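The values are calculated or read from the model by the stated rules, or taken from the named source; none is laboratory data. No experiment lies behind these values; they were computed from the predicted model shown. Note: ideal-geometry Cβ built from the backbone for every residue, glycine included; neighbour counts use all protein chains shown. The protein model used for the area step is the full one, side chains on, heavy atoms only, and it has no ligands, DNA or RNA in it. Shrake-Rupley method; radii C 1.70, N 1.55, O 1.52, S 1.80 Å.
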Amino acid sequence: MTYYAFYIFNRQGVCLHYQEWSRPRTVRNEMDDRKMMFGLLFSLKAFVNKLDPTSGGSEMSGQCSFQSFRTNKYKLHYLENPSGISLVLMTDPLTGDLREFLRHVYSTCFTECVVKNPFYQPGQPFTSDQFASALNKAVRTHL
Amino acid sequence: MSIFSLYIVNKSGGLIFQKDFADIARLNTNDALMQASIWHSLHAISSQISPLNGCTGIEMLETSTFSLHCFQALTGTKFFVTCAPRTTGVESLLRTIYEMYSDYVLKNPFYEMEMPIRCAAFDLQLVVAIKGMA
């Protein structure tokens, strides 16, 4: 299982954290990449709600939540919490369902190392060595 | 029947065919046109944010209530179906639909490229193929 990159966004689209393990394709502009990622996810959420067969096309009930998508080169896993914090993980295409892993990352790494940090300002990007190493450890133990 | 609907999008992003196979909430024509074009753009963006080179776009999308499988032909025409989660055999169904598209639509001398598909034979064969999957 190869892990490529990891993003955390808040509800407003601010990228709170970005971590990469392997990214062979060079990113031309980092800010553009974050914005494109958030824009893609935002639009995918709306798209999925419209296309949901269990709710009428006209009611935006928001029952349907987008979980993951796969392309020929990578698979993107997505988890959004009611707090508005969304976690995005890009892995190789053959990976299975990583929702439990993302929930684990949110509850152990993010809540413990970031939210409980008294100096953390919500809505601001953060750099936390503890979070980065907790995430790396979670990735290694999950592999 | 676990296949909900089929959409065919031409290479410019316009919807050229849409059919529902199950008794589900139907999108009205305008919404269907909009969603198909939105899908065309999302498909393109997904290959731009790829961490690796050579990404051709979203092939499968999973949500809590449905899955979406997409096949993009080399010409840029996209075929996508919405189905129940964890449905199997959808990839081969998409290939079959592509074959039927090339047989009943493209070989129809009255069909104009990139225009909406109005071929009775194509519709019939589609229903047979979808029923065969169930």
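Before moving on, here are some points about what is shown:
- Filtering region A:27-48 to residues that are within 9 Å of another protein chain (Cβ to nearest Cβ) and modelled with pLDDT of 90 or more leaves A:33, A:36, A:37, A:39, A:40, A:43, A:44, A:46, A:47, A:48.
- Flag set for residue A:75, criterion: modelled with pLDDT of 90 or more and at the interface with chain B (Cβ under 10 Å from one of its Cβ atoms).
- Of all the listed residues (B:78, B:11, B:19), the sole one being of a type in the set (Lys, Arg), open to solvent by less than 30 Å² (accessible area, probe 1.4 Å) and in contact (Cβ under 8 Å) with a residue 40 or more places away in the chain is B:78.
- Residues that are surrounded by 15 or more Cβ atoms within 10 Å (Cβ to Cβ) and within 9 Å of chain B (Cβ to nearest Cβ) within region A:6-26 comprise just one, A:25.
- In the set (1) away from every other protein chain (no Cβ under 14 Å); (2) more than 22 Å from residue B:55 (Cβ to Cβ); (3) of a type outside the set (Val, Ile, Thr), the condition left unmet by residue A:80 is number (1).
- Among the residues listed as A:120, A:106, the single one being surrounded by 12 or more Cβ atoms within 10 Å (Cβ to Cβ), in a helix (DSSP H, G or I) and among the aromatic types (Phe, Trp, Tyr): A:106
- Cβ pairs under 7 Å, 6+ apart, first in region B:82-94 and of a type in the set (D, E, K, R), second modelled with pLDDT of 90 or more: B:91/B:69
- Scanning region A:68-94 for residues that are open to solvent by 10 Å² or more (accessible area, probe 1.4 Å) and either in a loop (DSSP other than H, G, I, E, B) or among the charged types (D, E, K, R) (or both) gives A:70, A:72, A:73, A:75, A:80, A:81, A:82, A:83, A:85, A:92, A:93, A:94.
- Breaking point among (1) without any contact (Cβ under 8 Å) to a residue 60 or more places away in the chain; (2) buried (at least 17 other Cβ atoms within 10 Å of the Cβ); (3) out of contact with any helix residue (DSSP H, G or I) (no Cβ under 6 Å at 6 or more places or on another chain); (4) not basic (Lys, Arg), for residue B:69: (3)
- Any chance residue B:79 is on the phi < 0 side of the Ramachandran plot and assigned to a loop (DSSP other than H, G, I, E, B): no
- Unmet criterion (only one of (1) closer than 24 Å to residue A:52 by Cα; (2) touching a strand residue (DSSP E or B) at 6+ places or on another chain (Cβ under 9 Å)) for residue B:114: (1)
- In region B:21-63, the residues that are more than 7 Å from every other protein chain (Cβ to nearest Cβ) and acidic (Asp, Glu): B:23
- Checked against (1) more than 12 Å from the chain's Cα centre (by Cα); (2) open to solvent by 10 Å² or more (accessible area, probe 1.4 Å); (3) modelled with pLDDT of 90 or more, residue A:63 passes all but a single condition, namely (3).
- Checked against (1) at positive phi; (2) in contact (Cβ under 8 Å) with a residue 60 or more places away in the chain, residue B:57 passes all but a single condition, namely (2).
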